[in-house]
Amino acid sequence: MTRKVLLLAAMFFAAVTLPASAAGNAEAGKKKAGQCQTCHGMDGISKLPEAPNIAGQNQIYLVKALNDYKSGARKNDMMGVIMGALTPDDINDLAAYYASIQISVTPAK
């Protein structure tokens with residue numbers, strides 16, 4: 001019984017805390033990604049050592065991270081400047097675009 005209650009509580013918590021919609025239009029996001037390419041590249045592979053690679057990143061994570069930069073919960077000078085102009089649709093579209101990029105990984109030998 002306790003296991004079922006914990007499972008239901010976990011499912012409820014996940015449903016409440018995850019963004020309601022991480023949908024987004026990857027094609028629209030690709031068109032909007034021009035402002036991101038200086039640091040993250042059009043392919044989501046960082047051009048600067050202090051900027052993360054975002055190609056293939058989880059879409060829900062990207063939406064949360066961008067919303068956190070927009071709200072100020074997460075701070076970075078460059079991202080703070082960029083985020084001011086982004087709408088919720090822009091954020092969803094950019095996240096959909098970068099999440100849709102296929103990457104491959106070769107394990108170390």
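The values are calculated or read from the model by the stated rules, or taken from the named source; none is laboratory data. The model shown is predicted, which means the values in this text are computed figures rather than measured ones. All Cβ positions, even for glycine, are placed from backbone atoms using ideal geometry, and neighbour counts span all protein chains on display. Accessible surface is based on the protein model in full, side chains and every heavy atom, while ligands, DNA and RNA are left aside. Shrake-Rupley method; radii C 1.70, N 1.55, O 1.52, S 1.80 Å.
Give the residues of region 57-72 that are of a type outside the set (D, E, K, R) and surrounded by fewer than 17 Cβ atoms within 10 Å (Cβ to Cβ), sorted by residue number. Walk me through how you get there before you give the answer.
Applying the first criterion (of a type outside the set (D, E, K, R)) to region 57-72 yields 57-63, 65-67, 69, 71-72.
Residues satisfying the conditions are Asn58, Ile60, Tyr61, Ser71, Gly72.
Any chance region 37-50 includes a residue that's open to solvent by 60 Å² or more (accessible area, probe 1.4 Å), free of Cβ contacts under 8 Å to residues at least 24 places away in the same chain, among the acidic types (Asp, Glu) and farther than 18 Å from Val105 by Cβ?
Filtering region 37-50 for residues open to solvent by 60 Å² or more (accessible area, probe 1.4 Å) gives 37-38, 42-43, 45, 47-50.
Next cut, free of Cβ contacts under 8 Å to residues at least 24 places away in the same chain only: 37-38, 42, 45, 47-50.
Now drop any that are not among the acidic types (Asp, Glu), which leaves 50.
If we keep only those that are farther than 18 Å from Val105 by Cβ too, we end up with 50.
Yes, region 37-50 has at least one match.
Go through region 73-100 and give me each residue that's open to solvent by less than 20 Å² (accessible area, probe 1.4 Å) and basic (Lys, Arg).
none
Among the residues of region 29-50 satisfying the criterion of being under 19 Å from Asp90 (Cβ atoms) and small (Gly, Ala, Ser), which is modelled with the lowest pLDDT?
Taking the candidates together, the pick is Gly41.
Are any of the residues in region 3-23 open to solvent by less than 80 Å² (accessible area, probe 1.4 Å) and modelled with pLDDT of 95 or more?
No, that holds for no residue.
Could you grab the pairs with beta carbons closer than 8 Å, sequence gap of 6+ or different chains, first residue in region 72-84 and closer than 14 Å to Thr38 by Cβ, second one open to solvent by 70 Å² or more (accessible area, probe 1.4 Å)?
Cβ pairs passing all conditions: Ile82/Gln35.
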